[in-house]
1. Assuming a viscosity of 0.890 mPa s and a temperature of 25 °C, what translational diffusion coefficient in µm² per second does Stokes-Einstein assign to the stretch 198-259, Rh being the Kirkwood radius over Cα pairs?
2. Distance between the C-alpha centers of the stretch 110-130 and the stretch 1-59? Whole Å please.
3. DSSP loop GluC sites (Glu not before Pro) in the stretch 200-265 with at most 16 other Cβ atoms within 10 Å of their Cβ, which ones?
4. Kirkwood hydrodynamic radius (Cα pairs, Å) of the stretch 132-272?
5. For a Förster distance of 22 Å, can you work out the FRET efficiency between the beta-carbons of R153 and E26, rounded to the nearest 0.05?
6. Quick one: putting +1 on the C-beta of Lys and Arg, -1 on the C-beta of Asp and Glu, what dipole do you get for the stretch 142-261 around its Cα centre, in Debye to the nearest 20?
7. Each label point is 7 Å from the Cα along the Cα-to-Cβ direction; what then is the distance between the points at F245 and L205, in nm?
8. In sequence order, what are the phi-derived ³J(HN,Hα) couplings for the stretch 80-88 according to the Karplus relation 6.51 cos²θ - 1.76 cosθ + 1.60 with θ = phi - 60°, rounded to whole Hz, with x for glycine and proline?
Amino acid sequence: MLNGFASGCIYGLVALGFVLIYKATEMVNFAQGDLLMLGAFVAFTTIAMLGLPYWLGFALAVLFMAGFGYLLDVVILRPIIGQPQFAVVMLTIGLGFVFRSGAGMIWGTEILAFDTPFSGSVSRFAGLVVADVNLAIIVGTAILCAALFAFFRFTRLGVAMQASSQNQLAAYYMGIPVRTVFSLIWGISAGVAAVAGVLLAPVALIETSMGFIGLKAFAAAVLGGFGSIPGAVIGGLIIGVIEQFSGIYFAEGFKDVAAYVVLLVVLVVYPQGLLGQIGRKRV
């Protein structure tokens with residue numbers, strides 16, 4: 001169960017990036033998992049190659065990826081606003097290929113790793129042995145979700161982001177710089193993906209294909225309700241737990257496809273997701 005929660009937290013963080021961008025811009029960023037991968041590689045650079053302390057390297061990696069996400073929207077994504085959704089989907093898929101190829105050229109294709117304060121240690125609770133890396137993922141996810149909740153609820157910028165996601169035209173008339181807000185949301189989404197990548201690195205190690213975890217996170221976002229921020233985290237936790245138990249009670253190979261089976265079932269039975277809302281528009 002705890003291993004499932006740890007995996008689910010990673011899925012939830014990546015799904016959170018999907019939802020943040022979709023709520024604000026109605027774009028689906030299929031390169032979200034690859035931003036996680038880039039964040040892990042940048043953390044490897046700051047921690048293992050430059051020799052910076054873990055927490056400082058962690059923070060710099062998140063800040064770098066947040067700036068990268070901001071520029072990604074300004075330079076590449078903003079010019080295609082107004083184009084069909086299919087164009088956006090194909091662009092983000094193409095960006096994922098570019099990110100993976102670029103990471104391979106810069107860092108190589110071998111598996112990399114870096115030391116963390118949690119590597120190789122365990123904690124014991126009433127006879128239960130838990131790896132500290134899994135506890136770090138669970139606690140880190142909880143802290144990040146609480147910080148995001150406080151940001152969107154109690155800060156002027158967070159409220160402006162909510163307003164922009166709900167009604168772009170009204171937010172613009174109220175003096176909110178909508179385009180800048182959208183770029184900031186892309187930056188936050190990339191920063192969240194970087195956090196997930198750094199937390200995942202001690203468990204899954206760092207390689208160019210680790211970004212494919214975004215496909216399972218997409219299933220988590222759909223399960224929770226694609227427009228719901230809490231639903232993204234809840235969906236991720238459910239997917240993570242289902243994966244762990246399906247590997248025990250079913251064939252081992254079923255663990256790898258459990259997320260996609262859940263995705264298909266949700267799309268057929270309850271397409272709006274657990275916490276999603278059905279949107280209605282008057283024509």
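Only the coordinates and a few stated rules stand behind these numbers; no lab work does. Everything numeric here is computed off the predicted structure, so don't read it as measured data. Cβ atoms come from the backbone with ideal geometry, glycine included; neighbour counts cover every protein chain shown.
1. Once the numbers are plugged in, D ends up at 197 µm²/s.
2. 19 Å
3. Loop-located and lightly packed - E252.
4. 17.0 Å
5. 0.45
6. So the dipole magnitude of the stretch 142-261 works out to roughly 500 debye.
7. 3.1 nm
8. Karplus-based 3J(HN,Hα) across the stretch 80-88 equals 9, 4, x, 7, x, 4, 4, 5, 5 Hz.
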